[in-house]
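Trainee: To start, I am sharing the structure in question, which I have written as structure tokens.
The values are calculated or read from the model by the stated rules, or taken from the named source; none is laboratory data. Since we're looking at a predicted model, the values are computed, not measured. Methodologically, a virtual Cβ is constructed for each residue, glycine included, from the backbone with ideal geometry; neighbour enumeration extends over all protein chains shown. Note: accessible area is taken over every heavy atom of the protein model, side chains too, but ligands, DNA and RNA are not part of it. Shrake-Rupley method; radii C 1.70, N 1.55, O 1.52, S 1.80 Å.
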Amino acid sequence: MANEEVTPPWPKSYYLRPGYLMPMCMNKKTIENRVKDFEVRQDDVFIVTFAKAGTMWMNQIVDAILNIDNLSVLHEREHFEMIPLVEMGPTDEPGMVAAGIPFVPALIDALQAAPSPRRVSTHLFPEFCPSQLFEKKPKCIHVMRHPKDCFVSFFAFHNSIEMLADITWEQYIVEVLKENVEHGSYFDFIKKWADYADEPWMLWIKFEDMKRDPKTAVRKVADFLEKGLTDEQVDEVVRVTSFSYMKQMQKTRKGTEVFEEGTSGQQRKGIVGDWKKWFTVEQSNAFDELSKKKMKGFEKYMYVDDIL
């Protein structure tokens with residue numbers, strides 16, 4: 001990793017290893033002692049994303065496809081059932097408990113008990129993921145998004161959820177350019193997962209393509225999952241996974257008390273190119289230079305200007 005600092009830039013975070021910053025809600029003991037040995041099922045669907053690359057959106061799409069004959073179950077999911085991150089929880093770090101932050105149990109326990117087929121999400125680098133993922137090779141979907149949009153969205157997330165520290169954009173962008181923000185280096189994440197991009201069990205899809213043509217994206221995911229949907233069913237999945245529909249669902253979903261009142265919560269805008277309202281020209285140019293340096297040899301995965 002690019003950064004070898006040992007003191008996190010803000011509270012409620014820690015280094016999983018030198019340079020690999022994590023939010024405390026992604027429990028270090030869970031990652032180090034349990035995730036590797038997580039028992040993978042052949043019919044699992046793994047959803048791999050860098051943070052804020054479209055995790056909840058893809059989870060909702062997959063959930064709707066798998067439950068196309070009973071879409072009412074989407075309304076029954078609690079918040080963390082919608083984004084079942086295998087590395088999440090328990091949020092038992094003393095400082096978080098003392099601050100009265102709502103407790104979230106280890107989601108790995110719920111995943112182990114969940115009926116098949118399961119959705120299993122992660123923001124982890126491959127080397128921290130379940131070993132059986134690369135042995136059993138279940139269906140795995142990787143969603144890629146413009147990194148500047150990822151970081152703007154995660155900055156807003158920082159200031160909307162009690163599990164993360166409130167910070168300013170000026171603080172955040174300095175650390176972004178040092179690759180010293182939660183979930184590690186975006187570029188290293190992409191490069192490491194790119195090793196599996198051409199595997200038949202991996203679907204690599206871009207957030208921007210999903211936004212541009214959601215119907216085609218849903219069909220692509222359904223075909224990958226070998227679920228034969230009619231055109232009418234595809235339209236219905238598109239409807240119940242639209243940003244406006246999901247935003248409305250968030251208002252009544254259980255488990256959203258982790259978000260601060262009056263904030264956007266898990267879903268903010270869900271648009272392409274919002275980074276232009278945040279990055280100055282100087283910041284954008286500095287990020288582009290970092291991207292060119294880090295993605296040498298991986299240019300096919302680089303974003304140039306607005307979209308790939």
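Trainee: Go through the range 92-117 and give me each residue that's touching a residue at least 40 places away in the same chain (Cβ under 8 Å), crowded, with 19+ Cβ neighbours inside 10 Å and within 20 Å of Thr55 (Cα to Cα).
Mentor: Result: Val104, Ala106, Ile108, Leu111.
Trainee: Something else: So, in the range 164-205, how many residues would count as being over 16 Å from the mean Cα position of the chain (by Cα) and under 19 Å from Met24 (Cβ atoms)?
Mentor: 7
Trainee: Collect the residues in the range 50-102 that are part of a helix (DSSP H, G or I) and of a type in the set (S, T, N, Q), keeping them in residue-number order.
Mentor: If the condition is that a residue be part of a helix (DSSP H, G or I) and of a type in the set (S, T, N, Q), then Thr55, Asn59, Gln60, Ser72 are the ones that fit.
Trainee: Just one of the numbered conditions (1) of a type in the set (Gly, Ala, Ser); (2) at pLDDT 95 or above; (3) not in a loop (DSSP other than H, G, I, E, B) is not true of Ser131; which one?
Mentor: (3)
Trainee: Now a separate question. Looking at (1) at pLDDT 95 or above; (2) open to solvent by less than 30 Å² (accessible area, probe 1.4 Å); (3) part of a helix (DSSP H, G or I), which one does His142 not meet, given that it meets all the others?
Mentor: Answer for His142: the failing condition is (3).
Trainee: I've got another one for you. Identify the residue in the range 247-281 that is assigned to a loop (DSSP other than H, G, I, E, B) and in contact with a strand residue (DSSP E or B) (Cβ under 9 Å, 6 or more places away or on another chain) and, among all such residues, is modelled with the lowest pLDDT.
Mentor: Across the range 247-281, the extreme among qualifying residues is Thr263.
Trainee: Open to solvent by 10 Å² or more (accessible area, probe 1.4 Å), over 25 Å from Ile205 (Cα atoms) and in contact (Cβ under 8 Å) with a residue 12 or more places away in the chain: does that describe Pro18? Before the answer, list the steps.
Mentor: Working: open to solvent by 10 Å² or more (accessible area, probe 1.4 Å): yes; over 25 Å from Ile205 (Cα atoms): yes; in contact (Cβ under 8 Å) with a residue 12 or more places away in the chain: yes.
It is true that Pro18 is open to solvent by 10 Å² or more (accessible area, probe 1.4 Å), over 25 Å from Ile205 (Cα atoms) and in contact (Cβ under 8 Å) with a residue 12 or more places away in the chain.
Trainee: Okay, next question. For Ile68, are the conditions met, namely being touching a helix residue (DSSP H, G or I) at 6+ places or on another chain (Cβ under 8 Å), open to solvent by 10 Å² or more (accessible area, probe 1.4 Å) and over 21 Å from Pro214 (Cβ atoms)? Outline the logic, then answer.
Mentor: Details: touching a helix residue (DSSP H, G or I) at 6+ places or on another chain (Cβ under 8 Å): yes; open to solvent by 10 Å² or more (accessible area, probe 1.4 Å): yes; over 21 Å from Pro214 (Cβ atoms): no.
Against the criterion (touching a helix residue (DSSP H, G or I) at 6+ places or on another chain (Cβ under 8 Å), open to solvent by 10 Å² or more (accessible area, probe 1.4 Å) and over 21 Å from Pro214 (Cβ atoms)), Ile68 does not qualify.
Trainee: Right, next: Which members of the range 222-246 meet the condition of being more than 17 Å from the chain's Cα centre (by Cα) and closer than 14 Å to Ile47 by Cβ?
Mentor: Passing the criteria: Phe224, Leu225.
Trainee: List the number of the failed condition for Pro8; all other conditions in (1) touching a residue at least 60 places away in the same chain (Cβ under 8 Å); (2) buried (at least 18 other Cβ atoms within 10 Å of the Cβ) hold.
Mentor: Unmet condition: (1).
Trainee: Within the range 45-61, can one find any residue that is over 23 Å from Glu208 (Cβ atoms) and buried (at least 19 other Cβ atoms within 10 Å of the Cβ)?
Mentor: Within the range 45-61, none of the residues are over 23 Å from Glu208 (Cβ atoms) and buried (at least 19 other Cβ atoms within 10 Å of the Cβ).
Trainee: Regarding the range 80-89, can at least one residue be identified that is more than 28 Å from Pro214 (Cβ to Cβ) and either at pLDDT 95 or above or more than 14 Å from the chain's Cα centre (by Cα) (or both)?
Mentor: First, the residues of the range 80-89 that are more than 28 Å from Pro214 (Cβ to Cβ): 87, 89.
From the residues that got through so far, the ones that are either at pLDDT 95 or above or more than 14 Å from the chain's Cα centre (by Cα) (or both) too are 87, 89.
Scanning the range 80-89, I find at least one residue that is more than 28 Å from Pro214 (Cβ to Cβ) and either at pLDDT 95 or above or more than 14 Å from the chain's Cα centre (by Cα) (or both), so the answer is yes.
Trainee: Now a separate question. Would you point out which residue out of His158, His142 is within 20 Å of Ile83 (Cα to Cα) and without any contact (Cβ under 8 Å) to a residue 40 or more places away in the chain?
Mentor: Just a single option satisfies the conditions, and that option is His158.
Trainee: Could you grab the pairs with beta carbons closer than 8 Å, sequence gap of 6+ or different chains, first residue in the range 73-84 and over 16 Å from Ile47 (Cα atoms), second one modelled with pLDDT of 90 or more and not in a loop (DSSP other than H, G, I, E, B)?
Mentor: Note: pairs meeting the criteria are Val73/Asp63; Leu74/Gln60; Leu74/Asp63; Leu74/Ala64; Leu74/Val240; Arg77/Asp63.
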